[in-house]
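Written below as structure tokens is the structure these notes are about.
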Amino acid sequence: MPDMMESGVVVGILAAILTRFVPVRRNPPRPMPLWGTVLTGFVVAFAGPPVLDRLPEFWRAIPFLPEITEGMVFLAVFVAFFVYVLFRRKDPPRRAPLWVVAVISVGAAFAVPPLIYQLTGAYSMIALRNDVNRCTRGMQGEEQPNTVTNLCSFPIVVGLCASDEQNPKPCRQSVTLASGEVARLDPGDARLSFAPGNRDGLTVVACHPPNRPSRMLAQTGRRHRGVCLPAL
């Protein structure tokens with residue numbers, strides 16, 4: 001049996017819940033049998049996360065498709081659930097049509113992130129792009145890093161953010177690296193990374209171009225973490 005990824009349990013539970021809203025018979029409407037729900041959740045728990053990890057790469061390879069973040073997907077699913085389940089009427093049809101649910105949820109996914117940016121002046125968690133820190137060698141875990149290598153087969157943008165640079169400002173020290181390319185960054189006298197005992201520390205993050213490296217406070221407020229801002 002293959003190993004289950006960390007997010008497998010959550011994905012499997014969500015898939016099992018969704019099957020309860022998908023009728024397998026129309027007259028009269030009936031949900032999927034309980035054994036089918038359990039089987040679906042079990043299969044999706046193992047197969048879902050690896051597929052979801054690969055989907056962004058396939059999606060990004062098609063140039064005319066807009067970039068979609070995990071936060072946008074979560075928002076779309078939440079809005080779809082809210083509209084489909086809570087907007088009920090006493091007379092048939094009892095729920096909003098599926099095309100209405102799809103239009104509202106997709107519209108919310110694309111409209112809410114820029115709206116939050118206009119209101120707050122910073123990019124929300126929904127708008128942040130996935131980092132590609134796994135592609136770097138030579139920066140993470142070093143006190144005074146000065147070289148970085150791109151280990152992946154695609155270009156990346158590596159940023160070295162100082163203490164006064166954070167969302168929505170991109171790192172001033174940013175460099176685009178082709179596959180296998182090595183670049184030098186100047187940390188000066190600063191050390192990785194920002195923390196209560198190292199208030200002037202640096203933060204390193206790698207992003208897919210044209211997304212921009214930056215950083216923001218973690219949820220605890222005691223350290224910074226690297227983030228990838230959307231392209232201009």
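Structure notes:
- Of the candidates PRO93, PRO66, the single residue that is at pLDDT 80 or above, exposed (fewer than 11 other Cβ atoms within 10 Å of the Cβ) and in a loop (DSSP other than H, G, I, E, B) is PRO66.
- Exclusive hit being at negative phi, polar (S, T, N, Q), at pLDDT 90 or above and surrounded by fewer than 16 Cβ atoms within 10 Å (Cβ to Cβ), set THR147, THR120: THR120
- Hey, ALA162 within 22 Å of SER124 (Cα to Cα) and within 16 Å of the chain's Cα centre (by Cα) or not: no
- Scan of the range 204-232 for residues that are of a type in the set (Val, Ile, Thr) and open to solvent by less than 40 Å² (accessible area, probe 1.4 Å), ordered by number: VAL204, VAL205, VAL227
- Enumeration of residues in the range 102-117 that are open to solvent by less than 70 Å² (accessible area, probe 1.4 Å) and either among the hydrophobic types (A, V, I, L, M, F, W, C) or at pLDDT below 90 (or both): ALA102, ALA108, ALA109, ALA111, VAL112, ILE116
The values are calculated or read from the model by the stated rules, or taken from the named source; none is laboratory data. In this text, all values refer to a predicted model and were calculated from it rather than measured experimentally. Quick reminder, even Gly has a Cβ in these numbers, built from the backbone with ideal geometry, and neighbours come from all protein chains shown. For accessibility, only protein heavy atoms count, side chains too; no ligands or nucleic acids. Shrake-Rupley method; radii C 1.70, N 1.55, O 1.52, S 1.80 Å.
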